[in-house]
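Accompanying notes for the structure given below.
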Amino acid sequence: MIKILCPTDFSDPADNAIAYAAALSKKIGAELTLLNVQSIMSLPVIEIIKGKFLATEPIVEKLETQCYQVMDMFKITCLAEVQPENGLLVDIIAKRSKDFDLLIMGTNGADDYNNFFFGSRSYQVAIESLIPVLLIPSTCRYKEITTMVYAYDYEREQQLPMAQLSKWAELIEAKITVLMVKSHYSREVEVSSQAIEERVVNSNDLPDVKFDTVYEDDAFSGVHDYFVKNGYDALSVCSTQHSFITNIFHKSLIKELSSGANYPLFIFHE
């Protein structure tokens, strides 16, 4: 069974992400787990010493109540999990996600992306997690994902990572358009891009994947404008580690997109 993890701090963005995760779980028949991480610093000293975190009991009850509501409304399996924070929050979530197939997190989007862990830490978790991460802005409501834009500089890499993306696109029955952003147009650039596309398609066996190119100096603007203009349902980017330069390029693009997008952002790693 597909397993989805959704961290929550009981904020509005987190509640919105839970509703989204529940609807997606129902569509694909997945099991949903809600995770809350409690800071040890907020617990009584005696509980920390004994290792018995009684102060978390109200949190457990609150989370279990939320699970019951999700199960009643969406008719899915929903589990509650509360963990004490005994390390960096980012590391805890990334480590816990190893037992799951997808991590869904709420974000405040462009309004306030630095609050708690539904701010800049969403981006950090997305980079550190080994499983795909779906970031859901607080203004984004669930709708079925039938089309996805995959922004990736395959010309620089001469390859196209798609293992995790292809799996999820097939699962949710979504079509993929691979988008490359170039700073300017020239016939030479167009011919070169077409040759690379043919090589990528042949090496990856991607008969149903479309390719497109936009010409824009700013990568974020190019991707965002293309997405909105063509009415896609979700945007996808790959956080690859093939080279230092590519790593910087994609990390900065992911950070810009995750802080400014008001649509689902799917981040995967291979």
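The values are calculated or read from the model by the stated rules, or taken from the named source; none is laboratory data. Note that the structure is a prediction, hence the values are computed from the model and not measured. Positions of Cβ are generated from backbone atoms using ideal geometry, with glycine treated the same way; all protein chains shown enter the neighbour counts. Note: areas computed on protein heavy atoms with side chains; ligands, DNA, RNA excluded. Shrake-Rupley method; radii C 1.70, N 1.55, O 1.52, S 1.80 Å.
Under 5 Å from the amide H of L79 lie the amide H atoms of L32, T33, L34, each residue being 5 or more positions distant or on a separate chain, with H modelled from the backbone and absent for Pro and chain starts. Scanning residues 5 or more positions from T146 or on other chains, those with amide H under 5 Å from its amide H are D233, with H placed 1.01 Å from N in the peptide plane.
Near E216: Cβ cut-off under 11 Å, other residues only, Lys/Arg at +1 and Asp/Glu at -1. The net charge is -2. Counting 0.36 nm for each residue step from M1 to I28 and taking away their Cα separation leaves a gain of 8.8 nm. Ranked by solvent-accessible area (1.4 Å probe, protein heavy atoms only, all chains present), the residues T65, T177 order from largest to smallest as T65, T177.
Here the extension length gained between E61 and K210 equals 48.9 nm, from 0.36 nm per residue of separation less the Cα-Cα distance. For the peptides 163-175, 126-138, 258-270, 226-238, the ranking by mean Cβ contacts within 10 Å, running from highest to lowest, is 126-138, 258-270, 226-238, 163-175. Amide H to amide H, with H built 1.01 Å from N, A174 comes under 5 Å of no residue 5 or more places away or on another chain. Each Lys or Arg adds one and each Asp or Glu takes one away; over the other residues whose Cβ falls under 10 Å from the Cβ of S183, this sums to -2. Here the 3J(HN,Hα) profile of the stretch 216-221, calculated from phi with Karplus coefficients 6.51, -1.76 and 1.60 at θ = phi - 60°, is 7, 5, 9, 4, 4, 4 Hz, Gly and Pro shown as x.
Multiplying the residue separation of E173 and A195 by 0.36 nm and subtracting their alpha-carbon distance yields 5.1 nm.
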